[in-house]
Amino acid sequence: MAEKSMREALRMAMDEEMARDKNIILLGEEVAQYNGAYKVSQGLLDKYGPERVIDTPISEEGFTGVGVGAAMAGLRPIVEWMTFNFALMAIDQIYSNASKMRYMSGGQFGVPAVFRGPNGPAEYLAAQHSQALQSIYAHVPGLKVVSPSTPYDAKGMLKSAIRDDNPVIFMEAELMYGWKGEVPDKEYLIPFGEAAVKQKGNDVTLLGFSKPMSVILEAAGELTKEGINAEVIDLRSLRPLDEHSIYASVRKTNRCVIIDEAWPFASVGSHIGWLISKNCFDFLDAPVELVSSEDVPMPYNHTLELAAQPSAEKIIRAARRTLYRE
Amino acid sequence: MALSRKKNKESNKRLSLKLFRTMLLIRRFEERASQMYGIRKIGGFCHLYIGQEAVAAGSITSLDLTKDYVVSAYRDHGQALACGLSPDELMAELFGKKTGCSKGKGGSMHFFSAEKHMLGGNGIVGSQIPVATGVALKLKYKKEPGVVLCFFGDGAIHQGAFHESLNLAKIWDLPIVYICENNQYGMGTDFKRVSSVTELSITSSAYGIAGEQVDGMDVMKVYDAVSRKTATARNDHVPGFLEIKTYRYKGHSMSDPATYRTKEEVAAYKEQDPILLLKVQMIKNREITEEKYKKLDNEIKEICRNAVSFAEGSEEPLVESLYKDIIA
């Protein structure tokens, strides 16, 4: 199987889907002539032309709403935000229109669009450009919210997102675009709402998604050396959430550490903590731990910015706490 | 089918009658809605369209809604009626019944009809303007001959969504006509107090889109101006902008007594009532008689009474529908 980078995997997904369905268009900042701010859409303009790969001005609210309207009228737009940080300008279009159009119209109008781009902490970018914003999207009914952690998942999940009849928020970790992994050329789809068990274990469940999966797996490796066998689960999709896999694992290990690089207050991670406390209460041998971003804006200084994020060390210590070893 | 205005007496008469009937239907429907709100059959926000009828009727009558689209804002009753949604399904929607045009999930601000190409109804000021622009992008991409009419009030002019959308429509040559219904008050605020320019029609010129001001109390002037703009948008792929000056007789919503304006001001506008003006014109042109008018008015009042009966007699949505139509 060929090794591909995350950005290549995402590009393959868009390319294959655009070849399949002429109703799919891509629009956003720098997607066409510049070949993508992060080179995800490289070559797509040449292949599909300016009618389908459309550069927009820096006006997130405007072009995001254009994606909503075009989807209501029958197209299947992929809207690329240069980053989720800038997509805050477009939050009304997502919160007020994309997520609720089907409901408000009594089921008459859906919004089959994908809103995608880089999310999460990066490096040396300071408070406005380096943050994980999944919690605000996962909060709203009517959206699907997904965030892959490997190039293989990225391709299969983006293809599923494009074919989905609902608005899908597709979050790519900014630092992952160059990460490589095996991606088959053959057609495959990864359905939403199915978590992946990355490592089997019996002592503690480590739950996460997106970029932190790499530090989670690193932590799991270290824990093994201490004789702690962690079960590692990649949620992949936050809405729908694979509650079944979460509960099955926690009921087996009786201990859980949730890793979410967003802030801890009212986050996906804190919500899952509540779900576990409610549905696995009798199985828990220790309080559920949450390793989140520190509750601070992202600092510029590298030492400080690393200290603000989940790390293998923080995860190891949280896992030990669930086993009363620390 | 849209009616065309030719130098033909019969077709002019047909057009006048169609416009007159649509305006009268909107007026009588809104009067009923107001009554029903008063006795709490209708709740929430209810923004009435009384006084502005010429804008919806004059604009939408010029469209062919098998090809064209309408996108509106929270004051959407008039546009929905002009698009041909039935008074029954609209009144039922106001009553929150499952026979409503949005199955009771939308209410006053969220009238929709896929069949009639009415894409809302939107409760956030200016939020529908980019959406309408996206519908126009679809028309262009699919090389379809339609045009989009996007309605909003003078309050929306200051939103970024308006400015971003006009820029996009111009750089992409989209078939869309933006219609600012300047009823002169953004809720309780006189637009002149909060607008850097009071001729709102010039705001589009910064984006290379020619704007035009139209007397919104004269339905024929509205019809002609919109017809011209839609023809340009369709044929020459140039977006258009109209500031249609109008006036709402009622407050911003049913909860607003509108004490921020004088009785004299309202009375002056009522003298140039769009329905009255057209009626005088039609009588002069021998297109209608007082007797025929009475008959038509009674018919329409009956339709609106029946709409209330229909809404009252309709069932509540099942509680199980709470979780329906969130995700496909």
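The values are calculated or read from the model by the stated rules, or taken from the named source; none is laboratory data. Keep in mind that this is a model prediction, so the values were computed, not measured. In this analysis, Cβ positions are derived from the backbone assuming ideal geometry, glycine residues included, and neighbour counts consider all displayed protein chains. Accessible surface areas use protein heavy atoms only, side chains included; no ligands, DNA or RNA. Shrake-Rupley method; radii C 1.70, N 1.55, O 1.52, S 1.80 Å.
Could you give the C-alpha radius of gyration of chain A expressed as a fraction of 2.2 N^0.38 Å, taking N as the number of residues it contains?
Cα-based Rg divided by the globular estimate yields 0.99.
Compute the distance in nm between two label points, each set 7 Å from the Cα along the Cα-to-Cβ direction, one at B:Lys13 and one at A:Leu306.
8.8 nm
Please pull out the direction-averaged projected area of region A:239-282, using the convex hull of its alpha-carbon atoms, in nm² to one decimal place.
For the Cα atoms of region A:239-282, the hull's average projected area reads 3.2 nm².
Per the Debye formula with a single identical scatterer at each Cα and no solvent contribution, what log10 I(q)/I(0) holds for region A:167-326 at q = 0.09, 0.19 Å⁻¹?
Log10 of I(q)/I(0), two decimals: -0.29, -1.27.
Using DSSP to define loop residues, name the GluC sites (Glu not before Pro) in region A:37-131 whose beta-carbon has at most 15 other beta-carbon atoms within 10 Å.
Qualifying residues, ordered by number: A:Glu51, A:Glu123.
Compute the FRET efficiency between B:His237 and A:Phe283 as 1/(1 + (r/R0)^6), taking r as their Cβ-Cβ distance and R0 = 45 Å, and round to the nearest 0.05.
After rounding, the FRET efficiency stands at 0.10.
So if I take the alpha carbon set of region B:115-273, get Rg, then get Rh from the Kirkwood formula, what is the Rg over Rh ratio?
0.98
First measure r as the distance between the Cβ atoms of A:Lys180 and A:Asn229, then evaluate 1/(1 + (r/R0)^6) with R0 = 30 Å and state the FRET efficiency to the nearest 0.05.
Step by step, r from the Cβ atoms, then E = 0.60.
Suppose we flag GluC sites (Glu not before Pro) only when DSSP calls them loop and at most 16 other Cβ atoms lie within 10 Å. Which is the longest uninterrupted stretch of chain B?
It works out to B:200-314.
Heavy atoms only, probe 1.4 angstrom, no DNA, RNA or ligands counted: give me A:Met6, B:Met220, B:Met187 ranked by accessible area, highest first.
Descending order: B:Met187, B:Met220, A:Met6.
Over the heavy atoms of A:Leu241, what accessible area does a 1.4 Å probe trace out, to the nearest 10 Å²?
The accessible area comes out at roughly 40 Å².
For a bin width of 10 Å, list the pair-distance distribution of region B:191-328 built from all Cα-Cα distances, rounded to whole %.
9, 20, 27, 26, 17, 1
Of A:Thr83, B:Thr259, B:Thr99, which has the most accessible area and how do the rest follow, probe 1.4 Å?
Descending accessible area places them as B:Thr259, B:Thr99, A:Thr83.
Net charge near B:Ile202, counting Lys/Arg +1 and Asp/Glu -1 over other residues with Cβ under 14 Å of its Cβ?
Residues close to B:Ile202 contribute a combined charge of -3.
Not counting the cut sites, what is the longest span of chain A without chymotrypsin sites (Phe, Trp or Tyr not before Pro) that DSSP labels loop and that have at most 10 other Cβ atoms within 10 Å?
It works out to A:1-264.
Counting only protein heavy atoms and using a 1.4 Å probe, what share of the accessible area of the protein assembly as shown belongs to carbon plus sulfur, as a whole percent?
So the carbon and sulfur contribution to the accessible surface is 53 percent.
Going by Cα centres, region B:275-328 and region A:203-217 are how many Å apart?
Here the two parts' Cα centres lie 60 Å apart.
Where the centre of each part is set by its Cα atoms, how far does region B:61-116 sit from region A:287-317, in angstrom?
50 Å
How would B:Thr289, B:Thr22 rank on accessible area, largest to smallest, probe 1.4 Å?
Listed by decreasing accessible area, they come as B:Thr289, B:Thr22.
Across region B:216-268, how large is the tail of the calculated P(r) beyond 13 Å, expressed as a percent of all Cα pairs?
69 percent
If you split all Cα-Cα distances of region B:53-162 into 10 Å bins from zero, what percentages do you get per bin, shortest first?
16, 46, 33, 5
Placing one identical point scatterer on every Cα of region B:76-123 and ignoring solvent, what is log10 I(q)/I(0) from the Debye formula at q = 0.14 Å⁻¹?
Here log10 of I(q) over I(0) equals -0.23.
From largest to smallest, what semi-axes in whole angstrom does region A:156-204 give when each is the square root of 5 times an eigenvalue of its alpha carbon gyration tensor?
Square roots of five times the eigenvalues give 22, 16, 14 Å.
Starting from the Kirkwood radius over alpha-carbon pairs of region A:179-230, derive D by Stokes-Einstein at 20 °C in a medium of 1.002 mPa s and give it in µm² s⁻¹.
Value of D from the Cα-based Kirkwood radius: 165 µm²/s.
Which three extents, in angstrom, do the Cα atoms of region A:1-103 have along their principal axes, listed largest first?
42, 28, 27
Calculate for chain B the 222 nm mean residue ellipticity that helices alone would give, adding -39,500 (n - 2.57) per DSSP H run of length 4 or more and normalising by residue count, nearest 500 deg cm²/dmol.
-14000 deg cm²/dmol
In region B:15-161, what is the count of Lys pairs whose alpha carbons are under 21 Å apart, counting only pairs at least 8 residues apart or on separate chains?
Qualifying lysine pairs in region B:15-161: 20.
With the alpha-carbon atoms as the only input, what is the per residue convex hull volume for the protein assembly as shown in Å³?
Residue-normalised Cα hull volume stands at 164 Å³.
What lysines could a cross-link reach from A:Lys159, if we take a straight Cα to Cα line under 21 Å and drop same-chain neighbours fewer than 8 places away?
A:Lys4, A:Lys22, A:Lys39, A:Lys47, A:Lys144, A:Lys180, A:Lys186, A:Lys211
Under 10 °C and 1.306 mPa s, how fast does chain B diffuse according to Stokes-Einstein, given a Kirkwood radius computed over C-alpha pairs? Answer in µm²/s, whole number.
79 µm²/s
Using only the Cα atoms of region A:88-188, what semi-axes does the equivalent ellipsoid have when each is the square root of 5 times a gyration tensor eigenvalue? Give whole Å, largest first.
26, 20, 8
So if R0 is 35 Å, what FRET efficiency would A:Gln199 and A:Ile58 give, r being the distance between their Cβ atoms, rounded to the nearest 0.05?
Rounded to the nearest 0.05, the efficiency is 0.25.
Can you pick out the pairs among B:Lys229/B:Lys279; B:Lys13/B:Lys221; A:Lys225/A:Lys314 whose Cα atoms lie more than 23 Å from each other?
In this structure, B:Lys229/B:Lys279 exceed 23 Å between Cα atoms.
Assuming a viscosity of 0.890 mPa s and a temperature of 25 °C, what translational diffusion coefficient in µm² per second does Stokes-Einstein assign to region A:1-56, Rh being the Kirkwood radius over Cα pairs?
219 µm²/s
Hey, what does the equivalent ellipsoid look like for region A:66-116, semi-axes from the Cα gyration tensor as sqrt of 5 times each eigenvalue, largest first, whole Å?
Value: 20, 13, 6 Å, ordered largest first.
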